[in-house]
């Protein structure tokens, strides 16, 4: 038997045997699963307290790859006040979209997948497995009726939730066919006419830029398209190697994907090697005659002294999107391509207050606010500021000038902030309030008294509100 030695000051856990450690790990997992199940129940009860008429319209959320919004859960689930999800998200330290998904999964399980819901609370199915099923049944196309969702629930519950994504997709497709939810094409094979689950999408995760200057792309495409794509990328990687590239296969495949997006080759080396004959598709047309393959507007901010932000890779700056590091060498490489059209924006001093006389926000002030805030300034929101509204923190008073009063909400950078459309509407139409306590530093107060500080470093929860009936001790 293997024993773990306990040093000076070691806890009882440190003295456990290997078997004891395994038992403790399993116990910790059970506690975690129980807590996740309880969180689902509490999220559903939070939704019960907030029907649409309590705050605003019914909550919806965007689905990757879709151009419209979807209900928070499937047919037969109760509607939820749109703005209540933001307060739940801030308490949990997650985004509003993640909070909407949590509530949606809880309602989907409780109302449309009750067998799976019971198994989660009995400890037989972990919450994450049940939530993956709920995510699928919510977004199925065509939408599952409550009866059809019940059929899926029965089949999944029969195997205690142990079903993989591929099996779940087949089950949903069979359910669509069984309940005649799709309109079959009369010219198509009747065996295929009902398989209308369409998981295809291409998602560029532009909110998660790696420190090395890379970005993740996720896609679900037709089988034939996937095979053609794989061949094209493999051919591009092989061509680069034949033309002299010494980069790894993964790096060459990644560059080949960029070439497909630009419809041009990345390397222009007229060399041949090991039996591979490189062919150049040169014509009388010169590069100067061709339209730019890539148009770039770069908003990267580098410290002139390069103090603090230096890495083993070289001088670094901050990408405007997501506050991620970017290498100066990468900027130079992006701009060095002769087929790249680069737009250089003028430098704006973020420490100089800018003011306009009217309500409308001039481009220069808008740009300064975008560069200062970087993202939506609501707690835990990561939407890039360039796609946000610019909000007057203290609202503009249209009657102030006519009545001879000072303007309480001037159009100046000390009274402007970047808010995405959802959180802009939340600030305008709900009890949420915020103030700018320093340039680019905001303090938010939620309807139930929770307070948060948001700055360029992220979100920090301030002193929590007093529990009901328990006054906070006074500080001497």
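Remarks
Yes or no, residue by residue, for (1) in a helix (DSSP H, G or I); (2) under 20 Å from the mean Cα position of the chain (by Cα):
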| position | (1), (2) |
| --- | --- |
| 110 | yes, no |
| 118 | yes, no |
| 129 | yes, no |
| 134 | yes, yes |
| 143 | no, no |
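- Test: residue in segment 342-365 that is under 30 Å from residue 93 (Cα atoms) and assigned to a strand (DSSP E or B): no
- Unique residue being at pLDDT below 95 and within 30 Å of residue 145 (Cβ to Cβ) when the list is 72, 103: 72
Let's see how each residue does on (1) touching a strand residue (DSSP E or B) at 6+ places or on another chain (Cβ under 6 Å); (2) at pLDDT below 90; (3) farther than 28 Å from residue 214 by Cβ; (4) surrounded by 17 or more Cβ atoms within 10 Å (Cβ to Cβ):
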{"position": "324", "(1), (2), (3), (4)": "yes, yes, no, yes"}
{"position": "333", "(1), (2), (3), (4)": "no, yes, no, no"}
{"position": "341", "(1), (2), (3), (4)": "yes, yes, no, no"}
{"position": "351", "(1), (2), (3), (4)": "no, yes, yes, no"}
{"position": "355", "(1), (2), (3), (4)": "yes, no, yes, no"}
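- Residues located in segment 124-148, provided they are in contact with a helix residue (DSSP H, G or I) (Cβ under 8 Å, 6 or more places away or on another chain) and over 30 Å from residue 31 (Cβ atoms): 140, 142, 144, 146, 148
The values are calculated or read from the model by the stated rules, or taken from the named source; none is laboratory data. Keep in mind the model is a prediction, meaning the values are calculated, not measured. Here Cβ is always computed from backbone atoms with ideal geometry, including for glycine, and neighbour counts include all displayed protein chains.
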